Amino acid sequence: MSVSPIDLNATYLKNYPELQDISDHAWYEALGNMQHVEIPKGACIYRTGDICQNFTLLLEGSVKVFVRGKNGREIVLYHIQPGEMCILSLAGLLKKKPYQVEATAATSIRALTLNREQFREVYNNSLTFREYIINLLIDRLDNTMMLIQEVAFERLDTRMADFLCRMFKQNDMQPIQITHQQLAIELGTTREVTSRMLKTFEKCGCIQLGRGQIKLLNEHKLRQHEA
């Protein structure tokens with residue numbers, strides 16, 4: 001991981017328009033204290049039991065947040081993209097609660113960071129920033145509740161079809177590079193169940209399976225499984 005001071009003339013906050021609109025002294029001082037961080041793909045961001053030490057603005061890349069069971073099985077809770085923040089990190093900064101989950105760099109990432117003390121300083125002295133953080137926590141909580149409902153009540157084929165459609169869209173409808181095991185982790189199920197479901201989709205003419213990749217054949221047929 002490499003760390004360096006940021007260039008305040010750079011448009012680093014383009015993915016965080018609400019933060020661009022803050023104009024008080026406390027926020028400008030926080031900007032001057034931010035560090036530019038680069039983390040390679042696959043690196044651990046935090047582990048269970050860690051205490052959050054930094055407020056982070058993701059500029060490029062993706063972070064995977066997941067929980068690991070005693071049997072080693074993983075369930076992905078969510079991904080953090082540029083313009084988003086981790087609700088659990090914010091909670092840790094505000095309450096100093098240890099993480100109950102883990103996070104890794106799904107891709108190589110670039111980010112801006114502000115240490116805990118400096119975050120608390122701007123949080124306490126900038127009303128606009130404080131309101132932004134509170135609204136963000138509320139929005140993220142709503143998203144987390146939706147995720148729980150999906151896992152608890154939606155059929156697996158519906159969740160899988162929705163996930164694949166989103167992945168294909170992000171990849172401009174080109175084949176996506178993902179293994180059955182990786183997809184199982186994303187959906188919170190087993191590789192065996194995932195493989196059976198994918199083969200069902202393939203027999204229906206929705207997709208074509210390859211070694212470590214999935215090709216879209218018929219988006220309309222795949223989306224029929226979302227209903």
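Figure legend. Inter-residue proximity from the stretch 16-43: first residues without any contact (Cβ under 8 Å) to a residue 12 or more places away in the chain, second residues among the hydrophobic types (A, V, I, L, M, F, W, C) and open to solvent by less than 60 Å² (accessible area, probe 1.4 Å), beta-carbon distance below 6 Å, spacing 6+ or different chains. Indicated pairs: Gln20/Leu13.
In summary, Gln182 fulfils each of the numbered conditions (1) in a helix (DSSP H, G or I); (2) under 17 Å from His225 (Cβ atoms) with the single exception of condition (2).
Residue-level check: of (1) open to solvent by less than 40 Å² (accessible area, probe 1.4 Å); (2) touching a Lys or Arg at 6+ places or on another chain (Cβ under 9 Å), Ile51 misses just (1).
Within the option set Leu217, Leu164, being at pLDDT 85 or above and in contact with a Leu (Cβ under 8 Å, 6 or more places away or on another chain) holds for one residue only, Leu164. Scanning the stretch 207-227 for residues being in contact (Cβ under 8 Å) with a residue 40 or more places away in the chain and assigned to a loop (DSSP other than H, G, I, E, B) gives a total of 3.
Could you list, in sequence order, all residues of the stretch 104-143 that are among the basic types (Lys, Arg) and either on the phi > 0 side of the Ramachandran plot or free of Cβ contacts under 8 Å to residues at least 60 places away in the same chain (or both)? Listed by number, the residues that qualify are Arg120, Arg130, Arg140. Among residues of the stretch 187-217 being in contact with a strand residue (DSSP E or B) (Cβ under 8 Å, 6 or more places away or on another chain) and of a type in the set (S, T, N, Q), the one that is most open to solvent (accessible area, probe 1.4 Å) is Gln208.
Selection within the stretch 62-118: residues that are outside any strand (DSSP E or B) and among the charged types (D, E, K, R). The member of this set that is least open to solvent (accessible area, probe 1.4 Å) is Arg116.
Quick one: count up the residues across the stretch 52-61 that are touching a Cys at 6+ places or on another chain (Cβ under 8 Å) and not in a strand (DSSP E or B).
Residues meeting the conditions: 0.
The values are calculated or read from the model by the stated rules, or taken from the named source; none is laboratory data. Please read all numbers here as calculations on a predicted model, not as lab measurements. We place every Cβ from the backbone using ideal geometry, glycine too, and count neighbours over all the protein chains shown. The accessibility values were calculated without ligands, DNA or RNA, using every heavy atom of the protein model including side chains. Shrake-Rupley method; radii C 1.70, N 1.55, O 1.52, S 1.80 Å.
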